[in-house]
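The values are calculated or read from the model by the stated rules, or taken from the named source; none is laboratory data. All values derive from a computational prediction rather than experimental measurement. Here the Cβ positions follow ideal geometry from the backbone for every residue, glycine too, while neighbour counts run over all protein chains shown. The accessibility values were calculated without ligands, DNA or RNA, using every heavy atom of the protein model including side chains. Shrake-Rupley method; radii C 1.70, N 1.55, O 1.52, S 1.80 Å.
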Amino acid sequence: MADVSLHAVRKSYGKTEVIHGVDIDIADGEMIVIVGPSGCGKSTLLRMVAGLESITAGKISIGNRVVNDLEPRERDIAMVFQNYALYPHMSVRQNLAYGLKIAKMDKAEIDRRVDKAATLLQIGEYLNRKPRQLSGGQRQRVAMGRAIVREPSVFLFDEPLSNLDAKLRVQMRMEIKALQRELGVTALYVTHDQVEAMTMADRMIVMNAGIAEQIGAPLEVYNNPQTKFVGGFIGSPPMNFLPKAAQNGPASATEIGVRPEHLRFCAPGTGLFDGTLKFQEALGAEMLLHLQDTTGRTIIMRVETREAPELGTETVGVTADPADIVFFDANGKRA
């Protein structure tokens, strides 16, 4: 096992810089999730750790070694991709063992590692099947098993659950997290799904246009976003943004942010804004209310279903506890 360190890591293609200097020290056994929208640089960052992309500037260390100039096979890492990349003509056992055979490992050790991984992943009964005879979730377990048998210092996951349906994704992300904890291995996990990031990460890196907007524990990032982008990206539904009232908050602030669950009803004219209810999303015990203020802006409010007003209700006032309001400046930074 090993810690991982990225210091001022940058990546450019010609004159176009796509990673703008990322710094993070990852502890041995920590699960780091890199999250952000498409094209933000999250997979590029992971591929630089893997050695599949060269770095333009900075330093990457795995354990006590600087790995900038090392080939992927020399970095003691294993990677799991969105594409399972299993050999269709080989059995599950052969797929798991293939990399170890190429490394000329002793057959008894290969069998030990394959059987151990199969037990961990509960795929022992499938060892003699071909990939085409497996479900998507079973194929993903085999892909993870192929990484596990290498017993690497660091696991790298590049959107491994993207091909699975919603129910199976929930199951598999729990299994991956439990497996990572059981093995005690350091892991970097890339996803565009912020729910996946919130539920799996010890810490998360929120990427935006090649910049690490914020690094922190999931609830820290959720409760204390340092930029408007983070507040709007992390959370489902996202944070609401409203103009700052002149008499409230820091002088540098131009906007406020407030989470849907922190909004509550008040008398019209006494809160943050007055609005009319335009749409309801019933979620069972809770309901999302889409309110429109006097400027036409839509604000989303999360309430218990029994507290929701009826559609067509007259104008309602909405407010929030001052402790739950976040202030941002004109550049989208925390004020």
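Odds and ends about this structure:
- Any hit, the stretch 179-187, residues being under 25 Å from residue 67 (Cβ atoms), within 15 Å of the chain's Cα centre (by Cα), touching a residue at least 40 places away in the same chain (Cβ under 8 Å) and buried (at least 16 other Cβ atoms within 10 Å of the Cβ): yes
- Qualifying residue in the stretch 19-37 (condition: more than 28 Å from residue 179 (Cα to Cα) and among the hydrophobic types (A, V, I, L, M, F, W, C)): yes
- Only a single item in (1) touching a strand residue (DSSP E or B) at 6+ places or on another chain (Cβ under 8 Å); (2) open to solvent by less than 40 Å² (accessible area, probe 1.4 Å); (3) over 24 Å from residue 9 (Cα atoms) is not met by residue 91, and it is number (1).
- Residue match in the stretch 196-204 (condition: open to solvent by 20 Å² or more (accessible area, probe 1.4 Å) and without any contact (Cβ under 8 Å) to a residue 24 or more places away in the chain): no
- Qualifying residue in the stretch 248-257 (condition: open to solvent by less than 10 Å² (accessible area, probe 1.4 Å) and under 30 Å from residue 56 (Cα atoms)): no
- Taken together, the criteria place residue 103 among residues that are without any contact (Cβ under 8 Å) to a residue 24 or more places away in the chain and of a type in the set (A, V, I, L, M).
- A count restricted to the stretch 274-294 and to residues that are loosely packed, with under 15 Cβ neighbours inside 10 Å, among the hydrophobic types (A, V, I, L, M, F, W, C) and either within 29 Å of the chain's Cα centre (by Cα) or at pLDDT below 90 (or both) stands at 3.
- Restricting 302, 306, 297 to those that are out of contact with any Ser or Thr (no Cβ under 7 Å at 6 or more places or on another chain) and loosely packed, with under 12 Cβ neighbours inside 10 Å reduces the list to 306.
- Selection of the stretch 108-148 for residues being surrounded by 20 or more Cβ atoms within 10 Å (Cβ to Cβ) and assigned to a loop (DSSP other than H, G, I, E, B) yields only 123.
- Among residues of the stretch 149-181, those that are part of a helix (DSSP H, G or I) and β-branched (Val, Ile, Thr), counted: 2
- Among residues of the stretch 153-177 that are under 28 Å from residue 5 (Cβ atoms), those with a Cβ under 8 angstrom from a residue that is among the basic types (Lys, Arg) and not in a helix (DSSP H, G or I), sequence gap 6+ or separate chain, pair up as 154/75.
- Residue ID - least open to solvent (accessible area, probe 1.4 Å), chosen from residues in the stretch 34-61 that are polar (S, T, N, Q) and farther than 15 Å from residue 205 by Cα: 61
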